[in-house]
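Read through the structure below, which is laid out as structure tokens, and then see the notes.
The values are calculated or read from the model by the stated rules, or taken from the named source; none is laboratory data. Fair warning: this is a prediction, and the values are worked out from it, not measured in the lab. Note that we place each Cβ from the backbone using ideal geometry, even for glycine, and neighbour counts take in every protein chain shown. Protein only, heavy atoms only, side chains kept; ligands, DNA and RNA dropped before computing areas. Shrake-Rupley method; radii C 1.70, N 1.55, O 1.52, S 1.80 Å.
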Amino acid sequence: MDKFVIRGGNPLLGTVRISGAKNAALPAMAAALLTEEPVILENIPQVRDIETTRKLLAAMGGEVELGYGRAQHRSTICCRDLTSPEASYELVKTMRASTLVLGPLLARCGRARVSLPGGCAIGARPIDLHIKGLERLGANINQEHGYVEASAKRLKGAEIVFEKITVTGTEDLLMAATLADGETLLQNCAREPEVVDLADLLNKMGAKIEGAGTTTIHVTGVEKLRGAKHRIIPDRIEAATFIIAGALTDGDLNVCGCDPNHLGALLEKLQDVGIKTKHTSDAVRVEGNQNLKAADVITEEYPGFPTDLQAQYMALATQAEGTSIITENIFENRFMHALEMGRMGAHIKIEGHRAVVRGRTLLSGAAVLASDLRASASLVLAALVAEGETIIDRVYHIDRGYENIEEKLRGVGAQIRRIGEILPKKK
Ligand code: EPZ
């Protein structure tokens, strides 16, 4: 298993370019199931979850072309002949977002067999709200042998109120409703930019969706959807991870190819911490400073502070003067990284869904273990400011959602290598 070896202490200087959003690309690829015509997606990130989705769609009979060379961020997907509307446990267990095929398969094929995702490092993460919503649209759903078996002659529009805000739940039902008979009203929806991006693609495919980005989405079902071409939005979580890296390392970093409008909660919090940022329409410049101030944070649904930035923010809080209280309100078990940072010398106390971080502490390099995608990103950040070398094991987690992170970091001065590579001599 790959490891990262990181020598801390270098300020990050220069420009880093952000890739397309993993959490927008995955539902967009699932949306291709809704039509027999080709869907062309641009700005697709080269991360492992995209490859898993390619396998998922190909196993159903879809043709998925992932570009390479100059076209490496482009994908053409054609699901003309779906021979088997099934998502196997083998694939779903590696990526729970595979459940995003449930709604589209049911809407397009009238049946779907999708493995239940099972447990996850960060929480129970059931899909009961997806299932309840599809039943409201008239689907018959059984769960047996670890699979959801769903069928419906044709889904029928309905009013659905989500008991809890769910991102992929909103996306799954949105896709299903596009081909349902009649009107669907979705309430208490997720407002994430990735939901809006999906609705933009679906409307280009001929769907009739209004209100994406608000808590209420209205869908008028249509008989058929057509192919379309769509550029995936930038990855706001990747952009934010690099912005925090620039702040943390006392660097001067220009994070470009991102959308600052999607980063409001983070930029506001960085101001509280004493970090100034400047931004243009597609870039954020962050200048670090040595006098970071502690500030509490509470994770919320968009436009609140994202749970996918909680771990990275914790790394920053270890270098801020004072006590930061981090409250995780979305997932019940998302502090695994705190114990690993503790191995590097951080002072973090977990009290239920709150982490109390005392800073500023000098971190020292150590061998640590990544437990999930964002936890691994936070350990990379901590290692960038630690004294000496840190070895991060199980970096396959980070490859799921960050494109070439070590090359991007090296490009702005970080000392990082994947085990096995010869480290260039320090200048
Ligand atoms: C999406 O997951 C993201 N994944 C996650 O990013 C992100 O952490 C999460 O939204 C929250 O922002 C993708 O978009 C592929 P939820 P999702 O349904 O949709 C509960 C990353 O690092 N819930 O919004 O699975 C659930 O347990 C990943 O890129 C139910 O109870 O999250 C959680 O407590 C990690 N029943 C809360 O709702 C359901 O049927 C929010 O989860 C669905 C969700």
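When you scan segment 319-330, do you find a residue that is away from the ligand (no atom under 15 Å from the Cβ), touching a residue at least 40 places away in the same chain (Cβ under 8 Å), in a helix (DSSP H, G or I) and closer than 19 Å to residue 377 by Cα, even just one? No: zero hits.
Just one of the numbered conditions (1) open to solvent by less than 60 Å² (accessible area, probe 1.4 Å); (2) within 17 Å of residue 29 (Cβ to Cβ) is not true of residue 137: (2).
What are the residues in segment 89-126 that are of a type in the set (Val, Ile, Thr) and open to solvent by less than 20 Å² (accessible area, probe 1.4 Å), if any? Listed by number, the residues that qualify are 92, 99, 101, 114, 122. For segment 81-88, does any single residue satisfy the condition of being in a helix (DSSP H, G or I), open to solvent by less than 10 Å² (accessible area, probe 1.4 Å) and within 15 Å of the ligand (Cβ to nearest atom)? Checking segment 81-88: not a single residue is in a helix (DSSP H, G or I), open to solvent by less than 10 Å² (accessible area, probe 1.4 Å) and within 15 Å of the ligand (Cβ to nearest atom).
Summed over segment 113-128, the residues that are touching a Phe, Trp or Tyr at 6+ places or on another chain (Cβ under 6 Å), within 22 Å of residue 337 (Cβ to Cβ) and in a strand (DSSP E or B) give a count of 1. Here residue 217 qualifies as of a type outside the set (Gly, Ala, Ser) and either on the phi > 0 side of the Ramachandran plot or assigned to a strand (DSSP E or B) (or both).
Table: residues versus (1) under 27 Å from the mean Cα position of the chain (by Cα); (2) free of Cβ contacts under 8 Å to residues at least 24 places away in the same chain; (3) within 11 Å of the ligand (Cβ to nearest atom).
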| site | (1), (2), (3) |
| --- | --- |
| 130 | yes, no, yes |
| 141 | no, yes, no |
| 147 | yes, no, no |
| 162 | yes, no, yes |
| 165 | yes, no, yes |
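Of all residues assigned to segment 54-64, at least one qualifies as being outside any strand (DSSP E or B), among the hydrophobic types (A, V, I, L, M, F, W, C) and open to solvent by 50 Å² or more (accessible area, probe 1.4 Å). Entry remark, segment 187-222: residues being more than 19 Å from residue 104 (Cα to Cα) and surrounded by fewer than 24 Cβ atoms within 10 Å (Cβ to Cβ) number 9 in total. Considering 268, 301, 238, the condition of being of a type in the set (Asp, Glu), within 16 Å of the ligand (Cβ to nearest atom), outside any strand (DSSP E or B) and surrounded by fewer than 22 Cβ atoms within 10 Å (Cβ to Cβ) is satisfied by 301 alone. Scanning segment 241-257 for residues that are open to solvent by less than 10 Å² (accessible area, probe 1.4 Å) and closer than 30 Å to residue 35 by Cβ gives no hits.
With the structure loaded, tell me whether residue 230 is open to solvent by less than 20 Å² (accessible area, probe 1.4 Å) and in a strand (DSSP E or B) or whether it fails that test. Give the derivation first.
Details: open to solvent by less than 20 Å² (accessible area, probe 1.4 Å): yes; in a strand (DSSP E or B): yes.
So residue 230 passes the test.
In this structure, does residue 170 turn out to be under 20 Å from residue 24 (Cβ atoms), surrounded by 18 or more Cβ atoms within 10 Å (Cβ to Cβ), within 13 Å of the ligand (Cβ to nearest atom) and polar (S, T, N, Q)? Judged against the criteria, residue 170 is a match.
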